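Reading through the structure tokens given below for one structure.
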Amino acid sequence: MKMTFRWYGETLDPIPLKYIKQIPGVCGVVWALHDVPVGECWSLSRIDEVKAQIQKYNFNIDVVESVNVHEDIKLGVSSRNRYIENYKRTLQNLGKIGVKVVCYNFMPVFDWLRTDLYKPQYDGSTALFYERSKIDNANLFEFLDEISKQRGLLTMPGWEPEKISRIKELFSAYKDIKEENLWENLKYFLKEIIPVAEESGIKMAIHPDDPPWNIFNLPRIITNKNNIRRFLELVDSPSNGLTLCSGSLGSCMKNDIPAIIREFSNRIYFAHIRNVKHFENGDFVETSHKTSEGSLDIAEITKAYFDISYKYYVRPDHGRHIWDEKSRPGYGLYDRALGVMYIWGLWDAFNKKVSIFEKRR
Ligand code: DNO
């Protein structure tokens, strides 16, 4: 596997690349042009600028997270064609500079959703938290107000101020969009972009929905093993693949992550590894990576990647906020760096076991 670390760019990320360089075993930086409005084409000159910043530290730029999909594409309205053309041009430009994997998602309106961004934990850290009843019974607008206060100036993915300002309009546009409509619109999008990804040497890697169930009556479809199978069959090409996010799918206890990894082993191009702890009432909190801290067996998940001889990209996903670090929600340096070391520790131990076994034979 190739270990990577997500970085929001020189102006948006408080973490400098020189710090990331000091985390053992990280070979690539996962990046994006976060300031380009969703739906616009990423120019070669802007892409080159970030590439130079990253390569100065000898990191690869192979993975982009994300090229976000314009809402008109998810809604399936006629203006989608203009945005799809821009998306194709962005892929061509990314292909030209050697990008290999593009992560994206197809969640209506929001990206990942939590009710508390800095929920105090037993050990003095804070973490991302989802209180189920708060969403199930929420008044959307009061909820948005509360979240905006918590996040302060740090923008979360999918929570761009431009989008939040037209939230009412968006919600009424989605009024008649049910799961099947979303599948149709996703298929239309894939049929258009996958051939371009193939020509550009890019593997598209859809991110599962987080959490993997409908929220605020908005449909979510990349939620479980059967739906992932259906997704891969929409366009059966090696360029149509997955970002396998253990924490997103794992927010639903019914999802058996190691089994999903084994079944779709040849179409996973990007792995997000993190743990979540479930509570009986449906709430969950994002813990450290360590297996015993959460409800997911991160050792078993890493073992599944080891067993399939996973060659593609991996990154530690959200971390807690520890040691008084002021960071973007979930994207501090310290806990994610601990996550890297936990994953490497498991990996090295699995490797060792194999070589001891081979020596004995
Ligand atoms: C959460 C991330 C997601 C992911 C997008 C991909 O931290 O894993 O926001 O980047 O869903 O489009």
Exercise for review: Go ahead and collect, in residue order, the members of region 285-299 whose backbone nitrogen is under 16 Å from a label point 7 Å along the Cα-Cβ direction of Lys353.
Suggested key: 291-292, 297-299
Check your understanding: In region 156-249, if every C-alpha pair distance is counted and binned at 10 Å from zero, what percent goes to each bin?
Key -> 14, 40, 36, 9
**Study point:** Residue-count net charge about Phe350 - beta-carbon cut-off 9 Å; Lys, Arg +1, Asp, Glu -1
**Key:** +1
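Work out which helices of the chain, taken as complete DSSP H runs, extend at least 27 Å along their axis over the Cα atoms and score a mean Kyte-Doolittle of 0.0 or more, then list them. Before the final figure, lay out the partial values.
Values: long enough: 179-200 (30 Å, -0.51); 334-360 (39 Å, -0.17).
For the chain, where a helix must reach 27 Å along its axis and average at least 0.0, there are no hits.
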Practice item. Assuming a ≥ b ≥ c are the square roots of the Cα gyration tensor eigenvalues, decide whether region 29-122 counts as rounded (a/c under 1.5), prolate (otherwise, with a/b larger than b/c) or oblate. Key: oblate
Point to revise | Euclidean distance between Cα centres, region 319-361 to region 12-67, Å | key: 22 Å
Exercise for review: Could you state the orientation-averaged shadow area of the convex hull built on the Cα atoms of region 52-193, in nm² to one decimal?
Suggested key: 11.7 nm²
Study note, to complete from the structure: Any residue on another chain or 5+ positions along whose placed amide H is under 5 Å from the amide H of Lys2 is listed here as Tyr312, Tyr313, Val314
Study note, to complete from the structure: the chain: antiparallel bridges as % of DSSP beta bridges, rounded to 5, reads 30 percent
Review point. Sorted by mean Cβ packing within 10 Å, highest first, what order do the peptides 166-177, 82-93 take?
Key: 82-93, 166-177
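How much mean residue ellipticity at 222 nm does the chain get from its helices, if each DSSP H run of length 4 or more adds -39500 (n - 2.57) and you divide by all residues, to the nearest 500 deg cm²/dmol?
Numbers: 14 runs with 147 residues, N = 361.
Result for the chain, helices only: -12000 deg cm²/dmol.
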Point to revise | C-alpha center-to-center spacing [region 248-279, region 169-238] in angstrom | key: 17 Å
Review point. R0 = 22 Å: FRET efficiency of Lys187 with Phe216, Cβ-based, nearest 0.05?
Key: 0.35
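Suppose a student asked you for the relative contact order of the chain, using Cα pairs under 8 Å spaced at least 6 residues apart; what percent would you report? Could you put the intermediate results ahead of the total?
Values: 643 pairs, mean separation 62.2, N = 361.
Value for the chain: 17 percent.
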Check your understanding: Measuring from a point 7 Å past the Cα of Arg82 along Cα-to-C-beta, which residues in region 166-201 have an amide N at less than 20 Å?
Key -> 166-167, 169-171, 173-174, 189, 192-193
Check your understanding: Put +1 on the Cβ of every Lys and Arg and -1 on every Asp and Glu Cβ in region 308-361; which of Tyr342, Gly319, Val354 then has its Cα farthest towards the positive end of the dipole?
Key -> Val354
Point to revise | FRET efficiency for Glu142 and Glu263, using Cβ-Cβ distance with R0 set to 45 Å, rounded to 0.05 | key: 0.65
**Study point:** Entries in Lys51/Lys191; Lys163/Lys290; Lys88/Lys149; Lys88/Lys326; Lys134/Lys203 that, when Cα-Cα distance is taken, lie over 31 Å
**Key:** Lys163/Lys290; Lys88/Lys149; Lys88/Lys326; Lys134/Lys203
Exercise for review: Could you give the size of the charge dipole of the chain about its Cα centre, using +1 on the Cβ of each K and R and -1 on the Cβ of each D and E, expressed in debye and rounded to the nearest 20?
Suggested key: 1120 debye
Point to revise | Pair-distance profile P(r), taking every C-alpha pair of region 278-342, with 10 angstrom steps and integer % | key: 20, 44, 30, 6
Point to revise | Relative counts (whole %) of C-alpha pair distances in region 189-298, using bins that are 5 Å wide | key: 2, 12, 21, 22, 18, 12, 7, 4, 1, 0
Review point. Could you name the aspartates and glutamates in cross-link range of Lys18, using Cα to Cα under 19 Å and dropping any fewer than eight places away on the same chain?
Key: Glu10, Glu49, Asp62, Glu325, Asp335
**Study point:** Under the Debye formula (equal points on every Cα, no solvent term), log10 I(q)/I(0) of the chain at q = 0.07, 0.13 Å⁻¹
**Key:** -0.28, -1.06
Revision key, fill the gap. Here FRET efficiency (C-beta to C-beta, Glu325 to Arg360, R₀ 51 Å, nearest 0.05) is 0.70
Check your understanding: With a ≥ b ≥ c the root eigenvalues of the C-alpha gyration tensor of region 210-361, is it rounded (a/c under 1.5), prolate (a/b larger than b/c) or oblate?
Key -> oblate
Point to revise | Unit charges at the beta carbon, dipole of region 46-197: most positive-side option, Ser148, Val101, Asn185 | key: Val101
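Taken together, the values in this text are just the output of simple stated rules run on the coordinates, not laboratory data. Predicted, not measured: the structure shown is a model, and the values here were computed from it. Glycine also receives a Cβ, built like all others from the backbone with ideal geometry; neighbour counts cover every protein chain displayed.
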